[in-house]
Each structure stands twice: as structure tokens, then as C-alpha cells.
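These notes concern the structure reproduced below.
The values are calculated or read from the model by the stated rules, or taken from the named source; none is laboratory data. Here the structure is a predicted model, which is why all the values come from computation and not from measurement. Note: ideal-geometry Cβ built from the backbone for every residue, glycine included; neighbour counts use all protein chains shown. The protein model used for the area step is the full one, side chains on, heavy atoms only, and it has no ligands, DNA or RNA in it. Shrake-Rupley method; radii C 1.70, N 1.55, O 1.52, S 1.80 Å.
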Amino acid sequence: MGYKRGLKFGTALTVLIVLIAVYYRNTENVLQKRLQALIHGLEKLENKHVITSRPKVAIGYGVCTDVYVNAKQLLTYSEKIGRPEHFDEINTEIELLKSFAYYFRHGAAAEFYVLRRYMANRTLFDMLVARARSFPSSYSTIGGNAAIMALRFAKEGCDVTLAAKLTRSLHQMMPQVINIVGGETKRDDIHLVIEYKHGDVWGPYSSARANRYIVHNDANNPMISSFEAFDKLLSTYDPHLLVISGLQMMDNYPLLDGEKEKLLLKVKKQMVNRSSSTKIHFEMASFSEEKLLFELCETVIPFADSLGMNEQEIANLHNAMYYGNISLVANSTPRIATVLDQMRTLFKLIRTRSKNIAHSRQLTRIHVHTLAYQAIFTTKNSMWKNTMAAAAKASLTAHRHVCATSHVDIKKATLILDDSFSTSIVDGTRIALDIEKPVSCWDEILKVGSENIPIQVCVAPVLVCTEAAQTAGGGDNISSAGLVLQI
């Protein structure tokens, strides 16, 4: 009797296990089909608009060599580090370790911080770079916001001019299709990119997301040393798009009083001197120096047609313009409603302030790229076209870049966006994610003073890469890819 009961129980258990296995296999198949439909929908939009001409794009400023190394290889945790601390500038190895611990620790709380620091001690910096390069797993690539954007624009079929001062050896690494102006230097600026993956453990801390901590000892980029040659070229060159980027290298860089302001005024003049047929895009970055960010709000942002930024940068700019202070920290996965509200506020503030600034341009485009989604605002009937396709292309580029692949592999992709989202925190409309038509677009009217400005809003989900091959340069590739279809 007991034998028969045991046999029945064993049979029932086997059947249950088989049913569970079938359920999970079916669930996985459903998820894969869902992701495949999403990829197909995004690619269909991306391929709908193909570049038939070679739009001229001029990009400033700078280039560097990025040296990548694993954090746990380069930096050794010890009890001597003590309490983690934030430093605007790194001067000693213990300051570096304390600073890294500060960011790595807060990363465990799913927060995203400014992870770039200037190291004034060149001897220490060179020693760290040499140590990093001694590891077989370390590698070097072309770096710098302007250079990365130039590479992406060239890859997408644009006629590209880059403003950068670089050594002959680094110049030879750049594709010949990119025209480089700025002259030669004896020493390239180097950025030491200290990377860590999701779940990495360093001492008592663990990381909540893949990220990187960057230190540099730049001499050319903070001084915009390629400016004069670039300005001379622009006097006879009429590009379809001028991109201003790399200005964050001035952040906490030791210059005499008034020097940064003078450099930014030169950039402003360069923007003002462009014809109305040239679109101007300013690519934001992480700024921790309050005075510099406020200066940008006066001398650069009012003279751009378009702005590009990530989730941290929009939170920082929003705080600076709305509250008058900056924030070193922002949620790494902000709700769509939060970001869209920040975009609306910034659009209104910038358009309002620009009315009282001579020679300013009217902001007509904002692109915010986050880990989970792309959001693009464009004013209706403006110079910017194909907003829906641009959001799709930006989304696909985000996955391709981080996974270092030319196609989206559903085995390395996940969707972290909810099945629906609200268009605003206050009185927002709920929009469901349509897998077959993945980019959601709608029209709005934004009231700016006495004006009612019609805009188009597009939001695209990102197929997040689950096996990150590279984390740096993502924003630059995404912004450039979004712009390509809108020039």
C-alpha cells in the first residue's frame, strides 16, 4: 500500500515538474517573441529614413586616448581608506581611493553620480596609467565626446570635420574620412577609465550597475586648444549641423580667474556667427562646478537649437535653472513622467530667458537618453524632422554600442520599461507600450509667456544590453545617432 502511494506521489511530482518546465519554457518563448517584435518595430522605423546625401557636420572640441582598466585590478581596497569622501580634484592616491569608494558605495543605492575627476598630480597620473596598461586585459581607444560623436556621424555617412589637437600617432588612428583641424601636440590627453560591472564587490561595497570612474590630467581639452583653427575653418565652411561638446573638461580645471569665462565667450561668439541655415546642438555632460554650469546657462545654452543629455545631466541642469543649485546625484532609473516634466520646464525656462538675450536662438529640440528609454521633444514645423525614427535609431544604438555589436541579440537584451507610462506626474495621460509600434509619439501645446508652442514628444523603449562590453561613450553615440535622421 505504501509502495503504491509512493509511486503515485512520485508520478504526480514528475508531472508537476514537467508542467513547471513547460510553463517556464512557454513563458520564455513569449518573452523572446515579444522582444523580437519590439526589435522589428524599432528597426522598421530606423530603416524607413535612409541618408541619401552626405550632410556636413562640424564638431568641437577635443580628443583623447581612453585607457580602460578593471577597477578591482587597478585599485586595491584596504582599511586605510577609512571613510569615503568626495573630492573636486584628486591629488594623492589615498584621495583617489576615498573618492572611488564614495561613488562605488553610493552606486549600491542605485544612484548615478558625476564620475570624472581631474588629477593635478601628473606624476601620480602617469604612474596609474602605466600600471593600468600593464594588465593584459586593459585596452586603449579613441576617446573624448567630440571625437566619439565624430566617429558615429562618419559611420552614419556624414561629411565630418572635428576640432581637435592631437599627436601624429593618434591622428593616424582616426578614420581618414574625418577632416581634423586644430594642429599637432607632443602629448595626447589621456583619460583613465576605471570600469566596474554590476554586482562587483570592492571591500565592503557592491555595485548596483555597470559604471566607470574617470580620472584625467588634460592639458589641451580644457583650454579648447583647437578653437582658433576650427573658427578659421567655420568662417568659410557652412555645415548643416554644428555640435558643441567637451566643455565639461573645464570642470574643476585650475585656470586663472576669468579664463573660463573668456573661453566660453569665444564659444558663444562662434555660435552666434553661424548662419541660420546651420543647426546648432549642444551636448551636455556632467558638471560639478556650480559657477561653470551657471556660466554655460548664460553663454552657451541660449545659442543652441538643440540639447542632448542623460538622466543625471537633465536633473542637474533642471536644478541649476529652476532652483539655482546643482545636484551631484540623480536617480539612475527615473520615471518617464519625471523626465518629461523636467524637459517641459527646461524648454519653457530656456525659451523665456532667451527672449532677453541678444542673438540667442529659440530652443526647438531636446533629447534625453536614459538606460531604459529615449525621449525627444521637437517643436512642430521646425527644422527637425523624423522625430519618431530618430528615437528608434537612438534606442537601437544604445544597445548596439554597449553590447559592441551591429545587431540586437535578444539573448543579450532585456526590457526594463513598464508596460505603460504616464506623460506627467501631475494629470498625465497613461500610454501603453505597443510592442509592434514601440515608439509612442503625441502632440502637446506648451505655454511660454504669451505664446502657445506646439511640440511633438516621442518616447522609445531601450533594449538594455545585459552583457555590457563598453560603458563609456554611450551617450555620445546615442545623441549622434538621434541627430543623424533629423538634420
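Tabulated results
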item: Within the chain, helix-based [θ] at 222 nm, where runs of 4 or more DSSP H residues each add -39,500 (n - 2.57), nearest 500; result: -12500 deg cm²/dmol
item: Built amide H within the under 5 Å cut-off of G62, gap 5+; result: A163, A164, K165
item: Phi to ³J(HN,Hα) by Karplus 6.51 cos²θ - 1.76 cosθ + 1.60 over the range 343-350, Hz, x for Gly, Pro; result: 5, 4, 4, 4, 4, 5, 5, 5
item: The range 363-431: C-alpha gyration tensor shape, a/c 1.5 cut-off, then a/b vs b/c; result: oblate
item: Percent RCO, i.e. relative contact order, over the chain, from Cα pairs under 8 Å lying at least 6 residues apart; result: 17
item: Prolate/oblate/rounded call for the range 175-270, Cα gyration tensor, a/c under 1.5 rounded; result: prolate
item: Cβ charges +1 (Lys, Arg) and -1 (Asp, Glu), total dipole of the chain, debye; result: 1140
item: FRET efficiency, 1/(1 + (r/R0)^6) with R0 30 Å, evaluated for E184 and K80 via beta carbons; result: 0.10
item: Neighbourhood net charge (10 Å Cβ-Cβ; Lys/Arg +1, Asp/Glu -1) for A481; result: +1
item: Stokes-Einstein translational diffusion, the range 42-93 - Kirkwood Rh over all Cα pairs, 1.567 mPa s, 4 °C, in µm²/s; result: 74
item: Order of exposure, largest accessible area first, which applies to V63, V426 with probe 1.4 Å; result: V426, V63
item: Share, in percent, of DSSP beta bridges within the chain that are antiparallel, nearest 5; result: 55
item: Mean shadow area of the chain over all directions, Cα convex hull, nm²; result: 28.2
item: Heavy-atom accessible surface of the range 82-176: percent carbon and sulfur, 1.4 Å; result: 52
